[in-house]
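Working notes for the structure below.
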């Protein structure tokens, strides 16, 4: 007795069902994978925030300074002894192809170059460019509301100038926040906690504004103030 096989129509129906299921499930899997990376990145930023807290305890309750150049190298070498893991400076959703190399004499080939994908807020320093010494912890009135660092592609965000999140920043001086985690970015705050934030695709590039997002970076509304006061 000969066993009956599948007909061509039955095979096509099965293939169509598999294709439909794949089209439904693949985006779900992709989102789940990105969610896992987002969680890993958030953990990195929490570790950085805790390391900064330990740094301040050793340096008279002051934040780190942001100079001399290269700023990434100076920041990492000041903070990493409290983490002892250079891998924590790279977001798992990014790769080294966009990690900042500005300020390094030989670019990515410089012996001191360390790939990193988190951008710091210069508000932790006394005055941008004029005086890059670290601020006293007590000078920041609401540390739980001010961002310390976030997903990015350069060492500093430069207050309101570049703290938009178009997600297209590259290695060559486009230091936007990297809104790569489900339309947002992970941020560490100056009190040590970290969370995901929805990042606007553009922000007003002007001083003395009261935009809710910009006040997380410059609560004094003194963008680009170089007086050092």
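Some notes on this structure:
- Fewest neighbouring Cβ atoms within 10 Å first, the residues 141, 197, 34 line up as 141, 34, 197.
- Ordering 217, 196 by the number of other Cβ atoms within 10 Å of each residue's own Cβ, fewest first, gives 196, 217.
- Neighbour-count order for 63, 113, fewest beta carbons within 10 angstrom listed first: 113, 63
Values quoted throughout were computed directly from the atomic coordinates according to the rules given, and no laboratory measurement underlies them. All figures in this text were calculated on a predicted structure; none of them were measured in a lab. Glycine gets a Cβ as well: all are built from the backbone with ideal geometry, and neighbour counts include every protein chain shown.
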